[in-house]
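Data first, discussion second: the structure below is written as structure tokens.
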Amino acid sequence: MQRRVQPTSEAIRAGNRARVVDILRRSGSATRAELIVRTGLSRATVSSLIGELADRGLVSEYSQSAVDSPGRPPSRLALNRAAGLAIAVDVGVRHVAVAVGDLSRSVLAERWVPLPQGHSAERGMHIVMRSIETTLAEAEADRDQIVGAAISIAAPIAPDSGRLLVPGVLPGWNGPALAEQIGRTWGIPAAVENDANLGALGESVAATPHGQDLLYVKVASRVGLGIAFGSGIYRGRDGYAGEIGHVTSDPDGPQCWCGRRGCLELYAGAEGMLARLGARGIRIDDVNELILRAQAGDADVLAVVGDGTRRLARALGALALVLNPSVIALGGELTALGPLLLDPVHAELATVPFGAPVAVRASALGPRASLMGALALVLSESNRFTDQSCVPTSSNPGRIAAFDAVPAR
Ligand SMILES: [Zn+2]
């Protein structure tokens, strides 16, 4: 018969300390009262744990501005940079972006570098590694302050291995190889994640401190969707959740690269729009020209864009019925179409029955949505980014406390 081992009082304290740290890491900041409610611990215990973390230089207390509230507002607690820094990387078709942030969600340095056209995967990885180095230097980050890195790539990703489930828009790029190289170089856990998933997480966290049930639709060359519910990403069993671009819009439509016919992204994505115009003998070189000609009122372009956006709107109307989100945020290059994209979506969602209408808006973070989502991933999925975390000891006082004591969610 197995004997039950009673946890020591120090183990219980370490567990409680980890819960306080985890809440601050997920929320960015919290008042003492919020910590008491969310941990279920007594006021005295919370105060003592905060005192200990503050003595180690891991937590700071600051006052909120009192502009719109009478009386003195309660001060808030946040982890400071000694508690750890996170690296975010966004690999796009034409750019690499890197941000370094602290665990209170402040961005300390951010860098955008263009990717040369037709670059090799090797050259691309080299640009990523150099950009991380420079951004860490700009943030004046110590190597041992970094707790993890998340990398945004435009492809569905297997949740267990980080493997790209279909080739992304970047030929030759391999997600796990990049994560491995970053992890090995800086001695940190590094994970690859789908760009639309991270866009959803970024938007959700930026909208409210505790996240909002939100769908992020990336309308770019292709069409992707990220689902952030309860401030976490919904990935589905195999990591394919959100592949709205391959919902059938016309069963008799053209062949899609996925193997089916008439997929939504062949109509609503920029690549598909350009191909449809090309089939009519109208040659347009890139997305920017497509947007300019639509805005200038070119009738042929407007016909193709209008058809695509109406099909997208119908798909989003169906999703709103199924998932009942609070917000649908539209991101990606085609959001530059402005009302030409937003108006049909508004009109369709206004007809969805039941409950309050879904709020539809352009992404608040714009092109930074996936990058900010990558930063938020390191902060919110603390169970994935724990390897470097340890209980502060006398020989190692500056590192953050036992994240691994917090059960994975
Ligand atoms: Zn398809």
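Residues being in a helix (DSSP H, G or I) and free of Cβ contacts under 8 Å to residues at least 12 places away in the same chain: count how many of those fall in region 24-54.
Summing the residues that are in a helix (DSSP H, G or I) and free of Cβ contacts under 8 Å to residues at least 12 places away in the same chain in region 24-54 gives 8.
Inside region 277-293, can you point out the residues that are outside any loop (DSSP other than H, G, I, E, B) and buried (at least 19 other Cβ atoms within 10 Å of the Cβ)?
Across region 277-293, the qualifying residues are LEU277, VAL287, LEU290, ILE291.
What's the total number of residues in region 55-86 that are over 24 Å from SER380 (Cβ atoms), at pLDDT 80 or above and not in a helix (DSSP H, G or I)? Working first, answer last.
Residues of region 55-86 that are over 24 Å from SER380 (Cβ atoms), as a first pass: 55, 63, 65-73.
Restricting the remaining residues to those that are at pLDDT 80 or above gives 55, 63.
From what is left, the residues that are not in a helix (DSSP H, G or I) are 63.
Adding up the residues that qualify gives 1.
Determine, yes or no, whether GLU271 is acidic (Asp, Glu), within 16 Å of the ligand (Cβ to nearest atom), part of a helix (DSSP H, G or I) and open to solvent by 20 Å² or more (accessible area, probe 1.4 Å).
yes
Mind listing just one residue for me: the one in region 327-354 that is farther than 13 Å from VAL219 by Cα and outside any helix (DSSP H, G or I) and, of those, least open to solvent (accessible area, probe 1.4 Å)?
My answer is VAL327.
Return the residues of region 226-283 that are out of contact with any helix residue (DSSP H, G or I) (no Cβ under 8 Å at 6 or more places or on another chain), basic (Lys, Arg) and modelled with pLDDT of 95 or more; say none if nothing qualifies.
Residue satisfying the conditions is ARG261 alone.
Are there any pairs, at least 6 apart or on different chains, whose C-beta atoms fall under 9 Å, with the first in region 233-258 and of a type in the set (D, E, K, R) and the second open to solvent by 70 Å² or more (accessible area, probe 1.4 Å) and at pLDDT 90 or above, and if so, which?
So the pair list comes out as ASP250/ARG261; ASP252/ARG261.
Residue-by-condition table, conditions (1) open to solvent by less than 50 Å² (accessible area, probe 1.4 Å); (2) closer than 21 Å to ARG163 by Cα; (3) within 19 Å of the chain's Cα centre (by Cα):
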{"position": "LEU198", "(1), (2), (3)": "yes, yes, yes"}
{"position": "ARG222", "(1), (2), (3)": "no, yes, yes"}
{"position": "GLY230", "(1), (2), (3)": "no, no, yes"}
{"position": "TYR234", "(1), (2), (3)": "no, yes, yes"}
{"position": "TYR240", "(1), (2), (3)": "no, yes, yes"}
{"position": "GLU243", "(1), (2), (3)": "no, yes, yes"}
{"position": "PRO251", "(1), (2), (3)": "no, no, no"}
{"position": "CYS263", "(1), (2), (3)": "yes, no, no"}
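Any idea which of CYS263, CYS258 is within 10 Å of the ligand (Cβ to nearest atom) and either within 20 Å of LEU334 (Cα to Cα) or among the β-branched types (Val, Ile, Thr) (or both)?
On the way: CYS258 fails: either within 20 Å of LEU334 (Cα to Cα) or among the β-branched types (Val, Ile, Thr) (or both).
Testing whether each residue is within 10 Å of the ligand (Cβ to nearest atom) and either within 20 Å of LEU334 (Cα to Cα) or among the β-branched types (Val, Ile, Thr) (or both) leaves just CYS263.
I need a count of the residues in region 355-381 that are open to solvent by less than 50 Å² (accessible area, probe 1.4 Å), under 17 Å from ALA329 (Cα atoms) and in a loop (DSSP other than H, G, I, E, B).
Number of matching residues: 3.
Identify, by number, the condition in (1) more than 28 Å from PHE354 (Cβ to Cβ); (2) buried (at least 22 other Cβ atoms within 10 Å of the Cβ); (3) within 16 Å of the ligand (Cβ to nearest atom) that VAL305 doesn't meet.
(3)
For GLY187, state whether it is closer than 25 Å to VAL93 by Cα and in the same structural domain as VAL91 (by TED's automatic domain parsing).
Here the answer is no, as GLY187 does not meet what is asked.
Which condition number does ALA299 fail, the rest of (1) open to solvent by 20 Å² or more (accessible area, probe 1.4 Å); (2) away from the ligand (no atom under 16 Å from the Cβ); (3) touching a residue at least 24 places away in the same chain (Cβ under 8 Å) being met?
All conditions pass for ALA299, except number (3).
The values are calculated or read from the model by the stated rules, or taken from the named source; none is laboratory data. This structure is a prediction, so every number in the text was calculated from the model and none was measured. Methodologically, a virtual Cβ is constructed for each residue, glycine included, from the backbone with ideal geometry; neighbour enumeration extends over all protein chains shown. Heavy atoms of the whole protein, side chains included, go into the accessibility calculation; ligands, DNA and RNA do not. Shrake-Rupley method; radii C 1.70, N 1.55, O 1.52, S 1.80 Å.
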